[in-house]
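K.L.:
Take a look at the following structure, please.
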Amino acid sequence: MTDLYILYRGPLASCNYDCPYCPFAKRVDPPELLRVDRADLERFAGWVEATADRRLSVLFTPWGEGLTRSWYRDTIVRLSHLPHVARVAIQTNLAARVSFLSTADTRVAALWATYHPGQVTRARFLRRCRELDELDVRYSVGVVGLPAHYDEALALRASLPPSVYLWINAADGHVYTADEEKRWTALDPRFGDSVRPHPSLGLPCHAGETAISVLGDGTVRRCHFIQTPLGNLYDDSWRAALHPRPCTNNLCDCHIGYVHLKPLALRDVYTDGLLERIPAAWPTT
Ligand code: SF4
Ligand code: SF4
């Protein structure tokens, strides 16, 4: 069966946290938008259920925080039990309770968790990680590589079980000196993938062939970073639109994009952990 990787992003843009580096900090969505987000997600879940001719892997990439909303929690549990769904994961700040995952198939459900120093104590974040360990849920943990986060990232790495992969994202607009790059790489051996944007213009990319981005209304694009629609999920026009094609952007600087850039061969590095960002060879020792 052909694989299809899906990044889903509905209109939800609210978040309970107040990160200084984020435009969605403490944003509140009006009730009507939340109703639309919920209905869109339910429609998408129905499509996933019905689309059994592909091996589907889904990553929810909300603008804000999704796990504080029951419909994201319920959808992750629901999709995790489908035989043609290989992975269902979400990017989360891990503020919400994770006990809902006790009813999910933990061979399929996974989390991409980000620790935001200043928004939550390390102890509290680590308690959530321990809950995930007890539930046997796959997850990665990451930190934005701002200089002010370094000590916290170091302490987090020291406290996490070695089996948990800690990733570091290069901070937007920050140019890393060789020394800085070296010390962040000591924490995340794959920091080199993130530290500089990847030139991508004209290079072959899986996005638009075996990976797509889906918006709440069903608009299908090849990735979150190229706005041109390929079709819609709900009229089946996406099927004819999928084929090999080169990237039309100069640079690709986000992990959820460049993991699909063919010359980087990162699908070979992450294999089954591609969407939740866990390298296949982790732990390395
Ligand atoms: S937790 Fe994520 S979405 Fe929320 S404010 Fe921080 S960076 Fe933004
Ligand atoms: S390289 Fe990045 S921007 Fe270009 S098509 Fe692939 S995911 Fe999209």
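The values are calculated or read from the model by the stated rules, or taken from the named source; none is laboratory data. All of these numbers come straight from a predicted model, not from anything done at the bench. Cβ coordinates were reconstructed from backbone atoms using ideal geometry, including for glycine residues, and neighbour counts include every protein chain displayed.
K.L.:
Which number in (1) in a loop (DSSP other than H, G, I, E, B); (2) within 25 Å of Asp272 (Cβ to Cβ); (3) without any contact (Cβ under 8 Å) to a residue 12 or more places away in the chain; (4) not basic (Lys, Arg) marks the one condition that Glu134 misses?
P.N.:
Result: Glu134 fails condition (1) only.
K.L.:
Tyr17: surrounded by 14 or more Cβ atoms within 10 Å (Cβ to Cβ) and either modelled with pLDDT of 95 or more or not polar (S, T, N, Q) (or both), yes or no? Walk me through how you get there before you give the answer.
P.N.:
On the way: surrounded by 14 or more Cβ atoms within 10 Å (Cβ to Cβ): yes; either modelled with pLDDT of 95 or more or not polar (S, T, N, Q) (or both): yes.
The answer is yes for Tyr17.
K.L.:
For segment 166-191, which positions are touching a residue at least 40 places away in the same chain (Cβ under 8 Å) and among the aromatic types (Phe, Trp, Tyr)?
P.N.:
Trp167, Phe191
K.L.:
Right, here's the next one. Does Arg245 satisfy the condition of being of a type in the set (Lys, Arg), out of contact with any helix residue (DSSP H, G or I) (no Cβ under 6 Å at 6 or more places or on another chain) and surrounded by 22 or more Cβ atoms within 10 Å (Cβ to Cβ)?
P.N.:
Spelling it out, it is not the case that Arg245 is of a type in the set (Lys, Arg), out of contact with any helix residue (DSSP H, G or I) (no Cβ under 6 Å at 6 or more places or on another chain) and surrounded by 22 or more Cβ atoms within 10 Å (Cβ to Cβ).
K.L.:
Separate question: Quick test for you: out of Leu215, Leu230, Leu251, Leu201, pick the one residue that is of a type in the set (A, V, I, L, M, F, W, C), on the phi < 0 side of the Ramachandran plot and either within 16 Å of ligand 1 (Cβ to nearest atom) or in contact with a helix residue (DSSP H, G or I) (Cβ under 7 Å, 6 or more places away or on another chain) (or both).
P.N.:
The conditions single out Leu230.
K.L.:
Which residue, of Ser159, Ser163, Ser194, is away from ligand 2 (no atom under 16 Å from the Cβ) and in contact (Cβ under 8 Å) with a residue 40 or more places away in the chain?
P.N.:
From the options Ser159, Ser163, Ser194, the qualifying one is Ser163.
K.L.:
A further question on this structure: Run Val36 past the list (1) surrounded by fewer than 20 Cβ atoms within 10 Å (Cβ to Cβ); (2) β-branched (Val, Ile, Thr); (3) within 16 Å of ligand 2 (Cβ to nearest atom) and report the number of the one that doesn't hold.
P.N.:
(3)
K.L.:
Select from segment 73-130 the residues that are within 27 Å of Arg43 (Cα to Cα), among the charged types (D, E, K, R) and crowded, with 20+ Cβ neighbours inside 10 Å and list them in ascending order.
P.N.:
Arg73, Arg87
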